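What follows is a single structure, written as structure tokens, with notes after it.
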Amino acid sequence: MAARLSLNSMDLEYTWFGEPAAHALVFLHEGLGSVSLWRDFPARVAAATGIPALVFSRVGYGGSSPVALPRPLDYLEREARDVLPGVLDALDIVSTILMGHSDGASIALVHAAQDHGRVKGVVAMAPHTFVEDMCVAAIAQVTAAFESGDLRARLQRHHGSNVDCAFWGWNRAWLDPAFKAMDLRPYLPRIQVPVLVIQGEDDEYATLAQVDAVVDGVGGAVERLVLPQCGHFPHRDQADAVVGAIGAFVARL
């Protein structure tokens, strides 16, 4: 059962896997994600690492409060700079390992670059540090599935009344021609904590240039894991391998 966190003008849903603690894994979902869309993955990682996991839906997603559209084109940086620190403060998390997927991985990297000692490591699954043409094309194709296919109904099970807010907030931002200027690579040299970057060989939204950008750019130690027979959702397509890799990475921190 998700709990509620009131933060400034936002109402965010969140849940813990394990007992709440000052040292926690914090999961940051993708551009169409939510608490429920993580499924059992946070619980599996919490069990593998022995560290409790916090999962929350960003504003405009899941059971959290809606957000006005269009989203600002620097929304990833705003989440990292303005929202995530407040969530961690409000839930008394003083030490964390960030677990991000896609948009959430980008947010995790930006936050780690600006952190002052609370972040101890980052797991970045399928991160976006710059905009690739193949990503824009893939997102454009998803539009038809939402408008005339069954995607809206499938997402509504997780987002409820936020379904249009969640989809169009993400879709229209990424398809805005001005969004092609998004480039988070300048943040990477400021990350001094260990990073594990994970991507599938068959990721339909990104090439391995995203992995290379993180490996080449991060200021601290960085490990890469590229998984065969794996698309944009490593934690679903290759869950056992990802849980094992995260467990080993966290044990080395």
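Overview of results
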{"quantity": "Any pair with Cβ under 6 angstrom, 6 or more apart, that starts in the range 1-16 at a residue that is in contact (Cβ under 8 Å) with a residue 24 or more places away in the chain and ends at one that is among the β-branched types (Val, Ile, Thr)", "calculated": "Ala2/Thr15; Ala2/Val35; Met10/Val59; Glu13/Val35; Thr15/Val35; Thr15/Val55"}
{"quantity": "Any pair with Cβ under 9 angstrom, 6 or more apart, that starts in the range 96-114 at a residue that is under 14 Å from Leu54 (Cα atoms) and at pLDDT below 95 and ends at one that is surrounded by 24 or more Cβ atoms within 10 Å (Cβ to Cβ) and of a type in the set (Lys, Arg)", "calculated": "none"}
{"quantity": "Which numbered condition Arg172 fails, given (1) surrounded by fewer than 20 Cβ atoms within 10 Å (Cβ to Cβ); (2) without any contact (Cβ under 8 Å) to a residue 40 or more places away in the chain", "calculated": "(2)"}
{"quantity": "Odd one out for Asp11 among (1) touching a Pro at 6+ places or on another chain (Cβ under 9 Å); (2) surrounded by fewer than 18 Cβ atoms within 10 Å (Cβ to Cβ); (3) assigned to a strand (DSSP E or B)", "calculated": "(1)"}
{"quantity": "Within the range 191-250, tally of residues that are closer than 19 Å to Thr129 by Cβ, charged (D, E, K, R) and in contact with a Pro (Cβ under 9 Å, 6 or more places away or on another chain)", "calculated": "3"}
{"quantity": "Some residue of the range 83-102 being part of a helix (DSSP H, G or I), out of contact with any Phe, Trp or Tyr (no Cβ under 6 Å at 6 or more places or on another chain) and under 22 Å from Pro177 (Cα atoms)", "calculated": "no"}
{"quantity": "Those helices (runs of 4 or more DSSP H) lying entirely in the range 124-238 with at least 3 residues among the charged types (D, E, K, R) and at pLDDT 95 or above", "calculated": "151-159"}
{"quantity": "Residue in the range 35-48 that is buried (at least 19 other Cβ atoms within 10 Å of the Cβ), touching a residue at least 60 places away in the same chain (Cβ under 8 Å), at positive phi and touching a Lys or Arg at 6+ places or on another chain (Cβ under 9 Å) present", "calculated": "no"}
{"quantity": "Test result for Ala105, within 20 Å of the chain's Cα centre (by Cα), among the hydrophobic types (A, V, I, L, M, F, W, C) and not in a strand (DSSP E or B)", "calculated": "yes"}
{"quantity": "Output for the range 28-51, where each listed residue is farther than 16 Å from Gly62 by Cα, assigned to a loop (DSSP other than H, G, I, E, B) and under 13 Å from the mean Cα position of the chain (by Cα)", "calculated": "none"}
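The values are calculated or read from the model by the stated rules, or taken from the named source; none is laboratory data. All values reported here derive from a predicted model rather than from experimental measurement. Glycine also receives a Cβ, built like all others from the backbone with ideal geometry; neighbour counts cover every protein chain displayed.
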